[in-house]
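Step one of this worksheet: look at the structure below.
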Amino acid sequence: MAAMAPVPARAQDPRAVVEVAVLNYLLRLEYLQQALYRRALTRFSAGDFTPYGASTWGTLLMFEEQETTHVATLRDFVERLGAPVQPDCGDRFPRFRDPAAFLETALVVENAVVSAYLGVTPMLRLPQVQTAVTSIATVEARHSAFVGFLNGVAPAPAAADTPRARAEVAQLLAPYFRSCGEAS
Amino acid sequence: MSAYGSARTLAACVLAIASLTPAAAWAQLHVDPVASWTRNGDLGAWHPGGGASIEWLSDRGITAGGDVGYIAGFFDPPQGALDLIESTHVVTLSGQVGYAAPWRREGPRLRPFVSAGVGVMRQHARDRAGFIDVSRTDPAWNVGGGTRIQVRRYFGLKGELRYFRSLRAPDESPAELTAGFGRLGFWRISAGGTLRFGG
């Protein structure tokens, strides 16, 4: 994840630094998921997903809308904390050759995002932010379960998910992140 | 009260005490380098630090001095491995007046003391992605006490427990989400040496 020049924040309470850092970090992941579903919905049609079930296309449309809502929610919290918002720097997803290729990538991304949310939730101290982040995390887990099921993987393959640090998540998703300032 | 106002008030108190006390009564000067452990109650964590103080002690037990302290990682989350925070710290700079039990040439070589003061509390936090880099300086008060133990004529040990609290009202925060934080306050335990001059 690219470092940017520090911007003096309007929020003058240093105790908010963890919340701002976590929210901007999650925002980066949400931008990535939003781009993933948008690319798939642009690239494919409802008919391409018929083999996966009649309701799959509609579900993916709903997922894309939910990722957009997540982006808006996280941006709103960062702004309310008076801090600079992480910009959307784009993505490096390939042109998916078929729905299976998209679903394979989606499983990697969704699983990484679930573990990222799990990793940061204990760091949050503001109740409103805790509630918002946790409620998004549970939806991400549902996305992961559904996409896993479409990939032929058990929806809940383990009794407990694994929390991951920022560096681990960045490594898992490195092929898909575009740095801010990097040519698209 | 501004930080400068607090510093002026402290200086006035020190001068007032000095003017009321005969010069000959200023018997001792102590210089105390210490290590400290500070409790961040919000995070339920202790943070290491260090500092030093300088204090004049009169024969009548009146004390006046100053204290500087540094607390590393004060706002770091306990889950330090989740590397989102670049650096955080708090620096305290304050002046104190108080009372110390007189030295006794016979008996226990303990000299308990209590003191209170005002000063500033500088807080800093920066995230690793470079989106937030906050420094804030609040006027603050503190109160505490401890004891010095004379080991040699000019050297001893010092232990202290002190509470610091910001004087800046929480509703000065521009973000409604953080308004519930309240004024920053924390306990500091420190231990170290004390070098005695004079007396």
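Among the listed residues A:82, A:53, A:90, which satisfies the condition of being under 17 Å from residue A:177 (Cα atoms) and small (Gly, Ala, Ser)?
Values: A:82 fails: under 17 Å from residue A:177 (Cα atoms); A:53 fails: under 17 Å from residue A:177 (Cα atoms).
Being under 17 Å from residue A:177 (Cα atoms) and small (Gly, Ala, Ser) holds for just one of A:82, A:53, A:90, which is A:90.
Considering each of B:161, B:177 in turn, give the residue that is touching a Phe, Trp or Tyr at 6+ places or on another chain (Cβ under 8 Å), in a helix (DSSP H, G or I) and without any contact (Cβ under 8 Å) to a residue 60 or more places away in the chain. Show your work before the answer.
On the way: B:161 fails: in a helix (DSSP H, G or I).
After ruling out the rest, the residue left standing is B:177.
Check A:71, A:85, A:114 and return the single one that is at pLDDT 95 or above and either within 14 Å of another protein chain (Cβ to nearest Cβ) or closer than 19 Å to residue B:83 by Cα (or both).
Numbers: A:71 fails: either within 14 Å of another protein chain (Cβ to nearest Cβ) or closer than 19 Å to residue B:83 by Cα (or both); A:85 fails: at pLDDT 95 or above.
Only one candidate passes the filter, namely A:114.
Which residue is nearest to residue A:88 (Cα to Cα), if the candidates are limited to the range A:135-155 and must be free of Cβ contacts under 8 Å to residues at least 24 places away in the same chain and in contact with a helix residue (DSSP H, G or I) (Cβ under 6 Å, 6 or more places away or on another chain)? Talk me through it step by step, then tell me what you get.
To start, the set of residues in the range A:135-155 that are free of Cβ contacts under 8 Å to residues at least 24 places away in the same chain comprises A:135, A:137-138, A:142, A:145, A:149, A:152, A:154-155.
Going one step further and asking which of them are in contact with a helix residue (DSSP H, G or I) (Cβ under 6 Å, 6 or more places away or on another chain), we end up with A:137, A:155.
Numbers: A:137: 20, A:155: 30 Å.
Ranking the qualifying residues of the range A:135-155, first place goes to A:137.
Cβ-Cβ under 8 Å, sequence separation 6+ or interchain: first residue in the range A:45-65 and among the polar types (S, T, N, Q), partner surrounded by fewer than 16 Cβ atoms within 10 Å (Cβ to Cβ) and in a helix (DSSP H, G or I). Which pairs?
The qualifying pairs are A:56/A:50.
Based on what the data block shows, is residue B:138 loosely packed, with under 15 Cβ neighbours inside 10 Å and touching a Lys or Arg at 6+ places or on another chain (Cβ under 7 Å)?
On the way: loosely packed, with under 15 Cβ neighbours inside 10 Å: no; touching a Lys or Arg at 6+ places or on another chain (Cβ under 7 Å): yes.
Spelling it out, it is not the case that residue B:138 is loosely packed, with under 15 Cβ neighbours inside 10 Å and touching a Lys or Arg at 6+ places or on another chain (Cβ under 7 Å).
Of all residues in the range A:69-121, count the ones that are β-branched (Val, Ile, Thr), in a helix (DSSP H, G or I) and over 21 Å from residue A:148 (Cα atoms). Talk me through it step by step, then tell me what you get.
Residues of the range A:69-121 that are β-branched (Val, Ile, Thr), as a first pass: A:69, A:71, A:73, A:78, A:85, A:105, A:108-109, A:113-114, A:120-121.
Add one more test, that the residue is in a helix (DSSP H, G or I), and what stays is A:69, A:71, A:73, A:78, A:105, A:108-109, A:113-114, A:120-121.
With the extra rule that they be over 21 Å from residue A:148 (Cα atoms), the set shrinks to A:69, A:71, A:73, A:78, A:120-121.
Residues in the range A:69-121 being β-branched (Val, Ile, Thr), in a helix (DSSP H, G or I) and over 21 Å from residue A:148 (Cα atoms): 6 in total.
Looking only at the range B:120-143, count how many residues are more than 14 Å from chain A (Cβ to nearest Cβ) and on the phi > 0 side of the Ramachandran plot.
Total meeting the criteria: 0.
The values are calculated or read from the model by the stated rules, or taken from the named source; none is laboratory data. Quick caveat: nothing in here was measured; it's all calculated off a predicted structure. Glycine gets a Cβ as well: all are built from the backbone with ideal geometry, and neighbour counts include every protein chain shown.
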